[in-house]
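Below is one structure; the comments refer to it alone.
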Amino acid sequence: MPTRYRCTACGNVTRFDVTATRTTTAFHHYTVGGELSVEEEQVLGETVDDVRCRWCGHGRAVEPVEE
């Protein structure tokens, strides 16, 4: 389940810029003409590097919301 965020500076709970690093495995299928189609992609790991509020621009005031 994806993490929800809240900006304590402005109260935003809907709009964030999230920078993440992912490790994936996928099947790459190239046509004879050289066009790529990526299939069966699986996320092996993900690290969230930065979260910034889209409304006020703060990154220091964003906190994960406990469900």
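Structure data summary
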read-out	value
Selection within region 1-55 - of a type in the set (Ser, Thr, Tyr) and within 25 Å of Glu67 (Cβ to Cβ)	Thr3, Tyr5, Thr8, Thr14, Thr19, Thr21, Thr47
Yes/no for Gly59 being on the phi > 0 side of the Ramachandran plot and among the small types (Gly, Ala, Ser)	no
Scope region 56-67; condition surrounded by 11 or more Cβ atoms within 10 Å (Cβ to Cβ) and assigned to a loop (DSSP other than H, G, I, E, B); matching residues	Cys56, Gly57, His58, Gly59, Ala61
Candidate set: region 12-28, residues that are surrounded by 10 or more Cβ atoms within 10 Å (Cβ to Cβ) and polar (S, T, N, Q); chosen: the one farthest from Ala61 (Cα to Cα)	Thr24
Residue within region 29-45 that is within 15 Å of Arg60 (Cα to Cα) and either without any contact (Cβ under 8 Å) to a residue 12 or more places away in the chain or surrounded by 11 or more Cβ atoms within 10 Å (Cβ to Cβ) (or both) present	no
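Read-outs: derived from the displayed coordinates by stated rules, not from any lab. Quick caveat: nothing in here was measured; it's all calculated off a predicted structure. Using ideal geometry, Cβ is built from the backbone for each residue, glycine included, and neighbour counts are taken over all protein chains shown.
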